[in-house]
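Please read the structure below before turning to the comments.
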Amino acid sequence: MNAPAAYTKPLPLIDDLNRPFWAAAKAHELRLPQCGSCGFIRVQFERWCPRCGSRDVRWPRLSGRGHVWSHCTFHRKYFPEFENDLPYNVALVELEEGPRLITNIVGIDRRDIRIGMPVEVSFDDVTETVSLVKFRPVPGPREGDAA
């Protein structure tokens, strides 16, 4: 049996501010910082809330559901580590809870991604310590199926 190939793409720089996000992803949970004062959920890993300035930060588990807010396809090699993936999609997913995450949509041909398409979180375990947050289409009836 062959060992899996080593992951050669850039990995996140994990620090004290984003460690809860990456620990949750490794546990296959989606968590983002939420202000304990005003309730604002954000994707920025800062020590304070950009809305009210509070330093009271919580890390609730989110639903992992949302929809494609925008997307594009990279056809050019901007980053050498991704050359073998060309063309690949980059999407902006708006979560049910409000924040928007830059991600990839997996489990679908890039040409079939649509704005507004419902998606759910998926985790890509790329190393023993890092799982990347991606999204996949929500299974459901296809066009033309009887209701």
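The values are calculated or read from the model by the stated rules, or taken from the named source; none is laboratory data. The structure presented is a predicted model; accordingly, all values stated were derived computationally and were not measured. Cβ coordinates were reconstructed from backbone atoms using ideal geometry, including for glycine residues, and neighbour counts include every protein chain displayed.
Matching residues to (1) more than 20 Å from the chain's Cα centre (by Cα); (2) small (Gly, Ala, Ser):
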site: Pro10; (1), (2): no, no
site: Asp15; (1), (2): no, no
site: Pro20; (1), (2): no, no
site: Pro33; (1), (2): no, no
site: Gly36; (1), (2): yes, yes
site: Gly39; (1), (2): yes, yes
site: Val43; (1), (2): no, no
site: Cys49; (1), (2): yes, no
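Residues in segment 46-64: is at least one without any contact (Cβ under 8 Å) to a residue 60 or more places away in the chain, of a type outside the set (Val, Ile, Thr), under 26 Å from Glu81 (Cα atoms) and surrounded by 15 or more Cβ atoms within 10 Å (Cβ to Cβ)? No; the residues of segment 46-64 include none that is without any contact (Cβ under 8 Å) to a residue 60 or more places away in the chain, of a type outside the set (Val, Ile, Thr), under 26 Å from Glu81 (Cα atoms) and surrounded by 15 or more Cβ atoms within 10 Å (Cβ to Cβ).
Residues in segment 97-123 that are part of a strand (DSSP E or B) and among the small types (Gly, Ala, Ser): Ser122 only. The single condition among (1) surrounded by 12 or more Cβ atoms within 10 Å (Cβ to Cβ); (2) within 20 Å of Phe123 (Cβ to Cβ); (3) assigned by TED's automatic domain parsing to the domain that holds Ser131 that Ile102 does not meet is (1). Please find, within segment 1-52, the residue that is nearest to Val126 (Cα to Cα) out of those that are of a type in the set (D, E, K, R) and outside any loop (DSSP other than H, G, I, E, B). My answer is Lys26.
Being assigned to a loop (DSSP other than H, G, I, E, B), of a type outside the set (Val, Ile, Thr) and in contact with a strand residue (DSSP E or B) (Cβ under 8 Å, 6 or more places away or on another chain) is not true of Ser70. All told, Val90 falls short of being under 21 Å from Ile14 (Cβ atoms), among the hydrophobic types (A, V, I, L, M, F, W, C) and at pLDDT 95 or above. Condition test on Asp85, is it closer than 21 Å to Pro10 by Cβ, more than 11 Å from the chain's Cα centre (by Cα) and surrounded by 13 or more Cβ atoms within 10 Å (Cβ to Cβ)? Answer is yes for this residue.
Of all residues in segment 88-99 being loosely packed, with under 15 Cβ neighbours inside 10 Å and more than 11 Å from the chain's Cα centre (by Cα), which is nearest to Glu29 (Cα to Cα)? This residue is Glu96.
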